[in-house]
Amino acid sequence: VISRRNYHEKVLDHYNNPRNVGSMNKKDLDVGTGLVGAPACGDVMKLQIRVDSATNTISDVKFKTFGCGSAIASSSYLTELVRGMTLEDAGRIKNTEIAKELCLPPVKLHCSMLAEDAIKSAIKDYQSKTKRPAPTLGPDV
Ligand code: FES
Ligand code: FES
């Protein structure tokens, strides 16, 4: 549990009860995986989305963050935000929206940047998969 003095209660809530923690099989063709790091501190975030190709919307989302409280809160909040969104809308989310919702102080802005980078990279991964023909399944897959 992190100190109450330095964090807004929304951060504490997401930090203590993070939503949608977990992972998906990154080999699934309908799953996009984003794995990003923050150069400023070395924290790492993995974010995965499952996409309903018929509607181009995010049907499920999971994350794992190895980082500070603000990074965990940012990713937890992001998972709630993007569920049900189209890829276009999710790709337009700005870290400043996340920081504003969580009342992050300026020194913690890069933590919310990690969440923006992670969703963008997950979308990119999904899109690069769907452009490729499905891999042929063999004994070594
Ligand atoms: Fe301390 Fe990221 S720099 S947790
Ligand atoms: Fe680096 Fe939060 S301190 S992600």
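Taking the condition closer than 18 Å to Lys124 by Cβ, outside any loop (DSSP other than H, G, I, E, B), of a type in the set (A, V, I, L, M, F, W, C) and away from ligand 2 (no atom under 15 Å from the Cβ), does Val36 pass?
Numbers: closer than 18 Å to Lys124 by Cβ: yes; outside any loop (DSSP other than H, G, I, E, B): yes; of a type in the set (A, V, I, L, M, F, W, C): yes; away from ligand 2 (no atom under 15 Å from the Cβ): no.
Spelling it out, it is not the case that Val36 is closer than 18 Å to Lys124 by Cβ, outside any loop (DSSP other than H, G, I, E, B), of a type in the set (A, V, I, L, M, F, W, C) and away from ligand 2 (no atom under 15 Å from the Cβ).
Specify the residue that is farthest from Lys120 (Cα to Cα); the eligible residues are those in the stretch 14-33 that are part of a strand (DSSP E or B) and in contact (Cβ under 8 Å) with a residue 60 or more places away in the chain. I'd like the intermediate steps shown before the answer.
Restricting attention to the stretch 14-33, the residues satisfying the condition of being part of a strand (DSSP E or B) are 21, 31-33.
If we keep only those that are in contact (Cβ under 8 Å) with a residue 60 or more places away in the chain as well, we get 31-33.
On the way: Val31: 13, Gly32: 10, Thr33: 10 Å.
Here the answer is Val31.
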Apart from one, (1) within 16 Å of ligand 1 (Cβ to nearest atom); (2) at pLDDT 95 or above; (3) touching a Ser or Thr at 6+ places or on another chain (Cβ under 6 Å) all hold for Val61; the odd one out is (1)
The one condition Asp117 fails out of (1) out of contact with any Ser or Thr (no Cβ under 6 Å at 6 or more places or on another chain); (2) more than 16 Å from ligand 1 (Cβ to nearest atom); (3) charged (D, E, K, R) is (2)
Please verify whether the stretch 9-31 includes one or more residues that are more than 15 Å from Ala118 (Cβ to Cβ), in contact with a Gly (Cβ under 7 Å, 6 or more places away or on another chain), surrounded by 17 or more Cβ atoms within 10 Å (Cβ to Cβ) and among the aliphatic types (A, V, I, L, M). yes
When (1) surrounded by fewer than 19 Cβ atoms within 10 Å (Cβ to Cβ); (2) over 22 Å from Leu12 (Cα atoms); (3) not aliphatic (A, V, I, L, M) are applied to Tyr126, the one that fails is (1)
The residue that is surrounded by the most Cβ atoms within 10 Å (Cβ to Cβ), considering only those in the stretch 54-105 that are in a strand (DSSP E or B) and within 16 Å of ligand 2 (Cβ to nearest atom), is Phe63
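If you take the residues in the stretch 32-46 that are small (Gly, Ala, Ser) and within 10 Å of ligand 1 (Cβ to nearest atom), which one is surrounded by the fewest Cβ atoms within 10 Å (Cβ to Cβ)?
So the first thing to find is which residues in the stretch 32-46 are small (Gly, Ala, Ser), and the list is 32, 34, 37-38, 40, 42.
If we keep only those that are within 10 Å of ligand 1 (Cβ to nearest atom) too, we end up with 38, 40, 42.
Values: Ala38: 17, Ala40: 12, Gly42: 9.
Per the stated criteria, the residue is Gly42.
The values are calculated or read from the model by the stated rules, or taken from the named source; none is laboratory data. Predicted model only: the values in this text are computed from it and were never measured. Ideal geometry is used to build each Cβ from the backbone, glycine not excepted, and the neighbour counts take in all protein chains shown.
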